[in-house]
Every structure is written in structure tokens, then in C-alpha cells.
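Since the structure comes first, as C-alpha cells, the remarks are kept for the end.
Please treat every number below as a calculation from the coordinates, not as lab data. Source: prediction; values computed, not measured. A quick note on method: Cβ atoms are made from the backbone with ideal geometry, for glycine too, and the neighbour counts reach across all protein chains shown.
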Amino acid sequence: LSIHKDFLRHASSQFPLPPGVKFSYGTAGFRTDAALLPSTIFRMGVLAALRSICTQAVTGLMITASHNPVHENGVKLVDPSGGMLAVSWESYSDLLANAPDEDDFIQVVEHIVINEKIQRKGKTGEMVYLGRDTRPSGASLLEAALKGVEAVRGVQAQDMGILTTPQLHWMVRCSNRRVPATESDYFKTLSRAFSILSGLRPAGYGEPTVFENLIVDAANGVGAEKLLQLLKITPSLRLQVRNSGFEGEGLLNDGVGADFVQKEKIPPRGFEVLSDNLKRCASLDGDADRLVYFYMSSMSQTDQISPSLQLLDGDKIATLFASYIMDQIQILRGTSSFSAVTNPNASIPGFGTVKVAVIQTAYANGASTKYIKQVLGLEVAVTPTGVKHLHKRAAQYDVGIYFEANGHGTFLFSDNFLQWLQEVASQKEKGEVCQAATRLLAVSEMVNQAVGDALSGILMVETVLQYRNWSLQQWNAMYTDLPSRQLKVKVADRSVIQTTEAETKVASPPALQAAIDSAVEKYEGGRAFVRPSGTEDVVRVYAEAQTQKIADSLAREVAIQVF
Ligand code: 16G
Ligand code: ZN
């Protein structure tokens, strides 16, 4: 590929590197104060364009800082599959973002072109979709991204407007699969699948209850507007949106949103505990790729910070989804009564063994892992934190369900399994088996198979609750979370801590793991680990035990070892 060096140099000179900053792509893209970001975002525009030429497909660039405060912003790239940027390209991001001047910048670009053997093959598909969340800094940063894409001549930038992060991922994925990929297609696809599933309740779970409205905390972010759009074409969805961020409704991520609720275990702003009937609530994060549910219970839970918030986190969501999937697989096997322990190795007549697994991280509550293994009889795989790791692992199964405890997750179906389901669903005989296949096909349309998506997550949770006729209390009763505690420790250099075995163990310094082991040994059923954060300059500590008190002191003991 011959680069128009002068053109590129001139364009980049308009976005100089701010002095004294070191950028790092981190777990999920660059994130920092918005004022520092124009050069980084321009350069990521260039990289997204190069990635598009290299793969001859549409790539994406999303401007968001998720659940971070409103004055921050960030950028992440979307690969042609709709997933996160290939890990092998992350180092290019760091090199580009930190190149001190135009000459170094051009050199890095040349290095990428040579290293990846990037060549122009045809004219098709060289395109970058750009999206941004509702942050006020988004519009001018999007302009910088646009200039970056266009500086690689011949690649088109398409501004898709204000979107949730998962919408942009979905559009990139669909566009490369040559299926309808506009925002309105997104809403129609989700809505249609939800209607199909609502109409396919099984016999045996009783008459459907008319649920109370779900009250959704939209974190004063982009999810609010999008949820309202979805609602408009899905009247059977019973919900109301709060913390929309519309005029006068509060600040993005300020005391609201999934990250806040999950970490603080108290209701978000705008949810008045005394005057509200908070029986069915959910929180999205600022870019709507995370989802948690909660309700307020009058039960006294002396162990918790807030006596009454009952959190249904990513682990509970994964368990709910996995149980539903196993229900359908049981029906496909011809055993329509859902027995407590299923046999994951039993095969489906006509297909063979369906490989189903739940993918978790070390943060998954131990009680969820036990339930998935022992009650659902499913394989649990553990990967390091970060969607890219979970997603990659989930893709190895016929149905791979992944969730982080923080509420980010989705599930993936193998093409092979979907194809077989199509055949079963189109059979003339419309029995239970055909229904189960139709359900799973609708689910595969409704969940966002590119990345975790709070909107499709809500539709999925509501579908399963309707199916089982369950309140949030009944869902919560699937298992009881073990008490846990998270702490963060500021250290001089967090990179001295290296982990292994999917972050469950410290590899270096070895003395630290020995100290953690001896702390854990004191408490039966206790578990603890530490890992350097990929998004903040801290080391994170997690501990879990039979009581909150023990979890707290175990976390403290481990934190002291980290200093
Ligand atoms: C990012 C990740 C999230 C992970 C979190 C961990 C994506 C899209 N997001 O938000 O999955 O849980 O970082 O943060 O990958 P930490 O490394 O600071 O603990
Ligand atoms: Zn997010």
C-alpha cells in the first residue's frame, strides 16, 4: 500500500500529541480526560482505516468512556466480526497513540503497512463506521476520527450518529455478513424476536402473569433514548425509563448506572426507596453494554452495606440464560420435563452432542459457578477479565454463554447448530421440538452476538421471566450469592504484579501468592485473588467467604500484602 505521506502528515499536524501523557489501549480501548484525546482519536481513525483495508471489510470506531465520568471520553475499535479489535493490533494502537511527532507517526503507519502486508485489493468494503455516545465532547472527537479515516485516502468514513456501543458492534457485524444493518434494522430484529418468544410460552408454567413495569435506570446516558425507540415498536414490553439524561435529569454516570449499583449495592439516584415500589428494576451503564437487575427487599440482611438492595448481577443473568437454554435443549432431546441435573454430554437425536458452556472470570461469585456446574450440569470455563477473552472462548461452543459479574455479557451460537435448528424449525410437524428450535433461533436473533448489549439483555431476561412466570425474587432464589468484598490498592507500579491461571493466581512476585494462600487457608470456603486493573492505575483485590465479615477481613489481609 502506498501511503500519501504528505497528506497524512498534514492531516495529523492538526491533532498534535498533548505533552506529558502516556496512552495505553488497556483492557477495552483508550480512556481519559476528553481534552487529551483529539490526537489519539484521529490516529485511531487512521488505524481503523488500515484495519479495514487489511481485512477488506467494514470496521468500526466507537467514541465512549462507558461508565466513566462525563468529562472523560475514550475510543475503541470494532473488528469486522463485530467483536473487539484483534489483540495482535492493540500494540499498534499504543505505538500510534504515543508517537511524539508527525514523522514518528508516519513511521509507525509504514511499519504497520509492512508488518501486516497491507495491500489494496479492490474497492469494496473499505469503510469505517463511526459512533459516539451522548458525551458533550463526542461531536468534536468524532470529527477527529473522521479526519483520521479520510487521511488514509480511499477509505470512507460513515458517521452513524449517537449510538450505544453494542449497536455499533452489531451494525459492523451485520454489514459484513451482508444482512440488513441499519439502526432501524437493529430495533426491528430485536423487537420481532421478542414478539416471537412472547408468543411461545410453554404449557406447564401456568397462565402468564402480567408483570409490573420494569423501571430502568439508564445512567443518564444513550441507553434511554434507544430504549424508548425500542419500546415504541414493542408495545408488549412493559417498562419505563428513568435517569434518561434528558434536560434536567442529572449527569451521566453520576450516582446512577449499572457500575454504580453493582459496586455500591445501593439504589441509583432517582429511585426513592421510601416512596417507590421498587420490585422490578434494572440499570444500564453509560453506553448500554452492561446490565444488572435489582429490587428492594424488606428482608433484613444485616450483612450488607444497604440492608435491602437485592442485586441480580451478570452471574445471575448468565445462570438464568443458561437454565433457559438447557430447557430448550432438553426438549430437543425429547425429555421435555426439565430434570434438576441435566447431562451435558447426552446428544440430541439428529445433531449429536451440543457443546454448551458458561464462560466466567475470577470475579464470578462462587455460588454461581457451583450452581451452573452442579445443578445445570454445564461446563464452566474461566478466562481473564475483559470481553475479548470471554468472547473468544465462548465462540468455541455450540452455545457459549459469557458474562462478567459486572453485567457485561451475551451468548454465541455456532453456525452449525443454527443451521440444524433451522431445519428442525421448518419441519411440517409443529410439535414441542419444533417450538424449542424456533425459540432458540429467535434468541439467536434477539441477543447481540457481537458483544454484550443491555437492550437485548433486557429483552432476554424479560423473555425468560415470562416463560417461567417468575418474579425477580424467584429468579434470585436460584442460588444465594456468597458474600464478597472488592478493594483497590494504589501502588507505585502495578505492572510488577503478574497473574496466571486466568488471573486466579499471582505468578510474580511469588511471595505474594504464598501470602494470599496462607490468608485464604484460614477460612473454610474462602477465595481471594489480586490483579492489576486494565483501566485504572490500581491493583484490585477480590475476596469471597461464608460471611461478609470474613470476606471483609480476608480482603483486607490480602490488600495489606499488596502494599
Ligand atoms: C473494561 C472491560 C470489562 C472489564 C473491565 C475491567 C470491555 C468491553 N470492557 O470495562 O469487560 O470488566 O474493563 O476493568 O472489555 P479493570 O481491568 O479496571 O478491572
Ligand atoms: Zn460500558
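Annotations
- Think of the chain as a dipole: +1 on every Lys or Arg Cβ, -1 on every Asp or Glu Cβ, centred on the Cα centre; then among Phe294, Leu50, Val108, Leu50 lies furthest on the positive end.
- Taking other Cβ atoms within 10 Å as a rough exposure proxy, Cys54, Cys434, Cys281 sort from fewest to most as Cys434, Cys54, Cys281.
- Partners of Lys121 within straight-line reach, counting aspartates and glutamates whose Cα lies under 19 Å from its Cα and excluding those fewer than 8 residues away in the same chain: Asp79, Glu110, Glu150.
- Trypsin sites (Lys or Arg not before Pro) lying in DSSP loop within segment 94-148, provided at most 13 other Cβ fall within 10 Å: Lys117, Arg120, Lys121, Lys123
- For segment 414-493, the set of trypsin sites (Lys or Arg not before Pro) satisfying both a DSSP loop assignment and a count of at most 15 other C-beta atoms within 10 Å is given as Lys428, Lys430, Lys490.
- Candidate cross-link partners of Lys490 among the aspartates and glutamates, defined by an alpha-carbon separation under 13 Å and a same-chain spacing of 8 or more, comprise Glu536, Asp537.
- Å³ per residue enclosed by the Cα convex hull of the chain: 153
- Each principal axis of the Cα atoms in segment 484-562 has its own extent, and those three values, largest first, are 31, 22, 21 angstrom.
- Each eigenvalue of the Cα gyration tensor of segment 430-493, multiplied by 5 and square-rooted, gives one semi-axis; in descending order these are 35, 19, 10 Å.
- Relative pair counts by distance (%), Cα atoms of segment 323-452, 10 Å bins: 12, 44, 34, 9, 1
- Euclidean distance between Cα centres, segment 239-261 to segment 80-146, Å: 32
- Among 174-186, 197-209, sorting by the average number of other beta carbon atoms lying within 10 angstrom of each residue, highest first, gives 174-186, 197-209.
- Too-long pairs where the Cα-Cα distance tops 21 Å, listed order kept, from Lys76/Lys388; Lys279/Lys370; Lys265/Lys316; Lys265/Lys370; Lys232/Lys430: Lys279/Lys370; Lys265/Lys370; Lys232/Lys430
- Computed about its Cα centre, the charge dipole of the chain is approximately 960 debye, with only Lys, Arg, Asp and Glu carrying charge at their Cβ.
- Across segment 5-162, the mean sequence separation of Cα contacts (distance under 8 Å, 6 or more residues apart), normalised by length, yields a relative contact order of 33 percent.
- For segment 402-474, the list of GluC sites (Glu not before Pro) that fall in a loop by DSSP and count at most 14 other C-beta atoms within 10 angstrom reads Glu429.
- Percent antiparallel among DSSP beta bridges (both partners in segment 216-294, rounded to 5): 50
- Every helix of 4 or more DSSP H residues in the chain counts as -39500 (n - 2.57), and over all residues that averages to -12000 deg cm²/dmol at 222 nm.
- Mean Cα-pair separation over length for segment 458-513, i.e. relative contact order, pairs under 8 Å, 6 or more apart, %: 16
- Evaluated at q = 0.09, 0.14, 0.15, 0.22 Å⁻¹, the base-10 log of the normalised Debye intensity for segment 371-507, with identical point scatterers placed on the Cα atoms, takes the values -0.38, -0.85, -0.96, -1.55.
- At least 20 Å along the helix axis (C-alpha) and Kyte average at least 0.5, DSSP helices within the chain: 38-55, 432-446, 454-468
- Sequence-distant aspartates and glutamates (8 or more away, or on other chains) whose Cα lies within less than 15 Å of Lys355: Asp327, Glu379, Asp398, Asp415
- Volume of the convex hull of segment 5-162 (Cα atoms only), normalised per residue: 98 Å³.
- Close amide H pairs (under 5 Å, H built 1.01 Å from N) link Gln158 with Val128, Tyr129, Leu130, residues at least 5 positions away or on another chain.
- Couplings 3J(HN,Hα) of segment 479-484, computed from phi: 7, 9, 4, 6, x, 9 Hz, in residue order, whole Hz [Karplus 6.51 cos²θ - 1.76 cosθ + 1.60, θ = phi - 60°; x for Gly and Pro].
- Relative compactness, segment 213-304, computed as alpha-carbon Rg over 2.2 N^0.38 Å: 1.06
- Sequence-distant contacts, meaning Cα pairs under 8 Å at least 6 residues apart, place the relative contact order of the chain at 12 percent.
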